[in-house]
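The values are calculated or read from the model by the stated rules, or taken from the named source; none is laboratory data. Bear in mind the structure is a predicted one, so any value in this text is a computation, not a measurement. Cβ coordinates were reconstructed from backbone atoms using ideal geometry, including for glycine residues, and neighbour counts include every protein chain displayed. These accessible areas exclude ligands, DNA and RNA; they are computed on the full protein's heavy atoms, side chains included. Shrake-Rupley method; radii C 1.70, N 1.55, O 1.52, S 1.80 Å.
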Amino acid sequence: MTYDLGADVAVTVVMPTYNEAANLPRMAEAVLQLPLNGLHLKIVDDSSPDGTGRIAEELAEKYNWDGRYRMSVLHRTEKDGLGRAYVAGMSAALAEGAEYVVQMDADGSHPVEAVPRMLGTAVASGAGLVVGSRYVEGGSLDEEWGKHRVLLSRFANRYARTVLGTKIRDITAGFNLWSAATLHDIDLATLDSAGYSFQVELKFKAVRAGHSAVEIPIRFEERTEGVSKMSLSTQIESAIVPVRLRLRNRRG
């Protein structure tokens, strides 16, 4: 199915980075080659010691030619979690007039070519959130993922869904497209989560605010360069946040 997206849909891809110098050039090229005239790429770099921020600035200079503002870089001096980086980037995108905001990792695990399909789905359905899902029919994980990682990922999703009572099958997914209206209703400044549990909190609050979510299948790839940023403290936060959200919801 194809959708007429028009030329005026302003979409910002927010891509946090920390030590992604090896991945960023090819990711920027892939995103900015998408057939979406209103597309902008915003890199949020947490002072990467490997020079990712400098590379991002060079890429922005390369792609911002002939008066076109296609790429920008937001430099943060404090590395305080993926969730905080996303809040900074998404807030900036909204302030700049984005109608839709896409969350995307810089490691190549999210299929860039799925972005037009996600946008088309949002425009056609009116959904406030489109999730690039590994766990709906047609979704899949790279075969290089070990059995332990697959089981952990599936358990984390089942656990969060059960605690929060949500029907979103891939509630921990990091590849999402949001309407500006949804993000404004959530109020990004009120989010508590700093790590990967940010993904769960954001989706839960969107559904609670009355916005619909649609999941489309994607294939989640293993990163080809660099190492995962998942730490023990992040895993602990991911276990605590769903319970905290549920308790607050009951009190409310």
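Computed values, structure above
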quantity	calculated
Loop sites in segment 1-90: chymotrypsin sites (Phe, Trp or Tyr not before Pro), DSSP, at most 12 other Cβ within 10 Å	Trp65, Tyr69
Estimated inter-spin distance, Asp8 and Glu143, nm [label 7 Å along Cα→Cβ]	4.8 nm
Counted charge near Leu141, where neighbours are those whose Cβ lies closer than 10 Å (Asp, Glu -1; Lys, Arg +1)	-1
Size of charge dipole - segment 107-172 - debye, nearest 20, with Cβ of Lys, Arg +1 and Asp, Glu -1, no other charges	400 debye
Size of electric dipole in the chain: Cβ of Lys, Arg +1 and of Asp, Glu -1, about Cα centre, debye, nearest 20	1320 debye
Of all DSSP beta bridges in the chain, antiparallel share, percent nearest 5	25 percent
Accessible surface, the chain, averaged per residue in Å² (probe 1.4 Å)	48 Å²
Neighbour cut-off at most 12 other Cβ (10 Å), DSSP loop, chymotrypsin sites (Phe, Trp or Tyr not before Pro), segment 87-158	none
Carbon/sulfur fraction of accessible area - segment 19-117, other protein chains in place, 1.4 Å, %	49 percent
